[in-house]
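So the structure is just underneath, and the comments pick up after that.
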Amino acid sequence: EKWDGKYSTINQSWRRNWEQISPFLSYPHEIRRVIYTTNAIESLNRSLRKAVKTRGHFPNDQAATKLLYLAIKNLVEKWKRPPKDWTAAMNQFTILFDERIRAVQN
């Protein structure tokens, strides 16, 4: 209600989708932090948009493809590192979903 005047569309969306949002809020902070900060696809798309945006235009499709290839090649290095705060989140996952984690590990 506090934000209705300024962000009424967002508030309406939250109210319409509350059943899908509220389970996320029941997870411990460590798990929520990993979930909302490690969306790999959005991160990849953002990085590719940034690489393309800095160029302006390309002489042909092959030039754009090469740039995207090099951008992805540079991003692969980041994918080898675990997400920030992963250890704390994994501890919480183990507490909440121990049987599932054991099943995946076996």
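The values are calculated or read from the model by the stated rules, or taken from the named source; none is laboratory data. Note that the structure is predicted; figures quoted are calculated from it, not measured. Calculation scope for accessible area: heavy atoms of the full protein, side chains included, ligands and nucleic acids excluded. Shrake-Rupley method; radii C 1.70, N 1.55, O 1.52, S 1.80 Å.
A few notes on this one:
- Element breakdown for region 28-105 at a 1.4 angstrom probe: carbon and sulfur atoms account for 56% of the accessible area.
- Think of a 1.4 Å ball rolled over the protein heavy atoms: the chain then has 88 Å² of accessible area per residue.
- The length gained by stretching the chain between F97 and S8 to full extension, at 0.36 nm per residue less their Cα-Cα distance, is 28.4 nm.
- The solvent-accessible area of R49, taken with every protein chain present and a 1.4 Å probe, is close to 150 Å².
- When the P(r) of the chain is calculated, the portion above 21 Å amounts to 61% of the C-alpha pairs.
- Relative contact order (percent, whole number), the chain, Cα cutoff 8 Å, 6+ residue spacing: 31 percent
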